[in-house]
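Colleague: Below are the structure tokens for one structure; questions will follow.
The values are calculated or read from the model by the stated rules, or taken from the named source; none is laboratory data. Quick caveat: nothing in here was measured; it's all calculated off a predicted structure. A quick note on method: Cβ atoms are made from the backbone with ideal geometry, for glycine too, and the neighbour counts reach across all protein chains shown.
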Amino acid sequence: MPGADMGTIATHGGYIISAMLFGWATGGVLGGIAADYLGRKRTMIISILTYAIFTGLSGFVTTWEILLVFRFLTGLGIGAEWANGTSLIAETWPQRARPVGLGLMQSGYGWGQLVAAGLWFWLSTLSPEAWRYLFFFGALPALVTLYIRRRMKESERWEGAAAERAALQAEREAGAELDPEQERRTRFTLSYIFSIPRLRKNLLFATALSLATVVGFWAISTWIPAQAQTLAQAEGSASPARAAANVGLWYTIGAIVGYILIGFIADRIKRKPIIAIWFLSSVILTPVTFFVPDSLLTLYWLALINGFFTLGQFAWMPIYLPELFPTLARGTASSFVFSTTRYLAAFGPLISGILVATFGGYGIASTIFAAVYLLALPALLFLPETTGQPLPE
């Protein structure tokens, strides 16, 4: 908005970011449900087109209110993509390669951030309106749907589960009496999950782990760039903002390595020990990252390692969650665990900001939030180990 003061820009920017995150969470839940009813492939195409169309349209906006609406709609597409990608890869890749494929899929988040940062580094020098060009580039993924539509096959596991559900529903409508298990399989997917104690337990305790991962990441990563700016000012840097951008890149690179490595070692270390190792390492590294560095270079290296654990740990979800739930409701369950926690996590940076103001530093606030990993760890005791086991039907 031309002529707006910094406070107005910050306020409107906060609304826009929150709208996108809210859309992300909502799209994740709805996309997972759609994947179980419409199919993995069809819902993937819809989600990518939703993201691409409204990202491209964002480049034409003239008011912040319209941008807020478009970013919410963009978030719907982003959230829905994850649920479909997770289920599709889990159900179509061979068991021995599945963790690697899912780890690589999760790393796409980090690669996307690096590509966007590189594009902005180039585009920002061209024109004051360069932010519009960045949104136009964001519409390019729509081309990917042409490949998906023509070359990618639907999950045979989903097709079998969907056919079974349709047959059971037809029998019930024709007046046939179904046994209790058959009757449950005709229910709405979320109701089906909660009707089975084992699946209900898996959903609730996996969600507790997801909440720790999401809250920990948002509350901790929010303040690493601010820590970089503080150190840059202490060193007399002419551009503290550049230091904040640089530390974000180091953090993202560490996360990409973490995503990929978890995929390669998931079968060797097993699912539950990997989660425990990454959680405990995040607890230890958080105070180290904020209290140890006495120079920007030291902070860069620690941000790299911190990103490896606090952001890289997200890879446990696409690898582990599909192994906890049957094909009939895999999309719904995985997206519920991954996405609903984002509603609560939205308060993480807010509360963290209050703690920073109260204690007068980023380190204490972030260290307090790191305790969320310890609080969630006991949930692992109630979840099964699934390494080496086939996906549940």
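Colleague: Would you call Leu280 within 21 Å of the chain's Cα centre (by Cα) and either under 27 Å from Val100 (Cα atoms) or modelled with pLDDT of 90 or more (or both)?
Modeller: Answer is yes for this residue.
Colleague: Now for a different question. Tell me which helices (runs of 4 or more DSSP H) are completely within the stretch 45-142 and hold 3 or more residues being among the hydroxyl-bearing types (Ser, Thr, Tyr) and touching a residue at least 40 places away in the same chain (Cβ under 8 Å), or say none if there are none.
Modeller: 64-92
Colleague: Could you tell me whether any residue of the stretch 156-171 is modelled with pLDDT of 90 or more and more than 28 Å from Met44 (Cβ to Cβ)?
Modeller: Looking for residues that are modelled with pLDDT of 90 or more and more than 28 Å from Met44 (Cβ to Cβ), one finds at least one in the stretch 156-171, hence yes.
Colleague: Name the residue that is surrounded by the most Cβ atoms within 10 Å (Cβ to Cβ), counting only residues in the stretch 20-47 that are of a type in the set (A, V, I, L, M, F, W, C) and more than 17 Å from Ser339 (Cβ to Cβ).
Modeller: Ile45
Colleague: Looking only at the stretch 40-64, which residues are touching a helix residue (DSSP H, G or I) at 6+ places or on another chain (Cβ under 9 Å) and farther than 17 Å from Leu146 by Cα?
Modeller: Hits for the stretch 40-64 are Phe54, Thr55, Gly56, Leu57, Ser58, Gly59, Phe60, Val61, Trp64.
Colleague: Also, I was wondering about something else. Quick one: in the stretch 48-96, which of the residues that are under 19 Å from Pro326 (Cα atoms) and among the hydroxyl-bearing types (Ser, Thr, Tyr) is surrounded by the fewest Cβ atoms within 10 Å (Cβ to Cβ)?
Modeller: That would be Thr92.
Colleague: Out of all the residues in the stretch 211-238, which are within 27 Å of Pro318 (Cβ to Cβ), in contact with a Pro (Cβ under 7 Å, 6 or more places away or on another chain) and not aliphatic (A, V, I, L, M)?
Modeller: Result: Trp218, Thr222.
Colleague: Could you list, in sequence order, all residues of the stretch 366-393 that are of a type in the set (Gly, Ala, Ser), assigned to a helix (DSSP H, G or I) and farther than 30 Å from Pro225 by Cα?
Modeller: Within the stretch 366-393, just Ala379 meets the criteria.
Colleague: Also, I was wondering about something else. Go through the stretch 4-44 and report how many residues are outside any helix (DSSP H, G or I) and modelled with pLDDT of 90 or more.
Modeller: 1
Colleague: Now for a separate question. Please work out which one of (1) free of Cβ contacts under 8 Å to residues at least 60 places away in the same chain; (2) touching a Lys or Arg at 6+ places or on another chain (Cβ under 8 Å) is the condition Glu171 fails and give its number.
Modeller: Among (1) free of Cβ contacts under 8 Å to residues at least 60 places away in the same chain; (2) touching a Lys or Arg at 6+ places or on another chain (Cβ under 8 Å), Glu171 violates only (2).
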